[in-house]
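Comments concern the structure below.
Since every read-out is calculated from the coordinates, none of them should be taken as a lab result. Just so it is clear, the model here is predicted, and its values are computed rather than measured. A quick note on method: Cβ atoms are made from the backbone with ideal geometry, for glycine too, and the neighbour counts reach across all protein chains shown.
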Ligand code: TRP
């Protein structure tokens, strides 16, 4: 795992709840997000409103959720004014959708079908007509989010781990096909308190189950929620001995660093039947408001100044969009230049020093298009390529040859003559690195009328340096 202090951490917040965030949201995600903006080199967070369309259908609701969740997270302590922090809104970045479309072709139905959220529905025998494609596509959209911003470390809860792993696979496949372009993200599992139990003492805290304690609601509502905490059911009167393990209020106290001695005192008296629930809850309620005072005050301050929030949001959206555009440039530039050259040529020659993987990609491509390909390496790579890219594939048009500077021309000549002879065609592409000059001399000498593109180390290098790429494109010979 890459060190946090050297990484870009990246995570999204699905604004699917309209009712304001609660204790579980804070300890499950918000608190860590805030802490990580200090620890990481850079941090990017966003409101994943495209994702929320999967469950929220009312446009007005979507808009107000985005705004409120943005405010809630600002209040938790995200500081997008800081140089190393960007906090934006997904739908302000249309490039994400564009990348999603491209990535759709790098992932199989089979892989997506393994996704838990989808499998659950299938297992519950939900009619396939009622499962929308947004759910199936969810991990691909999430991959587009992460990959377009070069997210390196992605802190998420357990339920999202699989999605990040799919994103990682997608990046890997993309790079294998088109060359090193996208950063492969790593998951950072947020174990710590990821599952805050609700006030029923049983299920995960959730607004929809009504077992939550709000962070931002009015005091009175919070008081009610706290007084609704389920305590040891065996204890009917304050004088009955109780079991503190059956009273989730003690769990919250631990979670929130409530004074240890005081808590232990309460627990002791609880066991002995010497304290009423009201006394404990009253004390916890006061503590709770105090604990969240700063956060709640901030919420009021931002809430009173929507203009300021809007400006902040827009500024962050713009910053994020710049990054997304840069990535799309890489993603797109790569495809047309290299692929066009490959598409153009009827015969392909790959020469040493293009990486193994890129060569493998070209071999695979050539097989699919039934184009003859000659792979030249200074080492004997026959076995390697056969094993990795040609296993079980029958293709007599793939030739893998070891060459020396001396016999290079001869190898190329033999190969070309074979196809010239068979097909009477002269077009070919040469993907070549360090023997370019020699080859050109030879081609001129033979008065070939072929159109030759020299994609000099393109597969390997083009993404690293714009300049370099332009240089060798400029060099494309006309012979
Ligand atoms: N799916 C995440 C959730 O429901 C939110 C999300 C969307 C996300 N895109 C992301 C998280 C990218 C991390 C990275 O919680």
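Would you mind telling me the antiparallel percentage of the DSSP bridges in the stretch 6-100, rounded to 5? So the antiparallel bridges amount to about 0 percent of the total. Averaging 1/r across all pairs of distinct Cα atoms in the stretch 200-325 and inverting the result yields a Kirkwood radius of 17.0 Å.
If the convex hull of the alpha-carbon atoms of the stretch 1-112 is projected onto planes in all directions, what is the mean projected area in square nanometres?
8.7 nm²
The separation of the stretch 99-153 from the stretch 1-64, counted between C-alpha centres, amounts to 19 Å.
Our estimate of slack between residue 176 and residue 136, defined as 0.36 nm per intervening residue step minus the Cα-Cα distance, is 12.0 nm. Remark on the stretch 129-229: ratio of C-alpha radius of gyration to 2.2 N^0.38 Å is 1.49. Over the stretch 219-291, with a single point scatterer placed on each C-alpha, what log10 of the ratio I(q)/I(0) does the Debye formula yield at q = 0.15, 0.17 1/Å? For the requested q values the scattering log ratios are -0.44, -0.57.
Taking the average, over residues, of other Cβ atoms within 10 Å as the packing measure, peptides 379-387, 168-176 rank 168-176, 379-387 from highest down. For the stretch 256-299 versus the stretch 204-251, the spacing of their alpha-carbon centroids is 11 Å.
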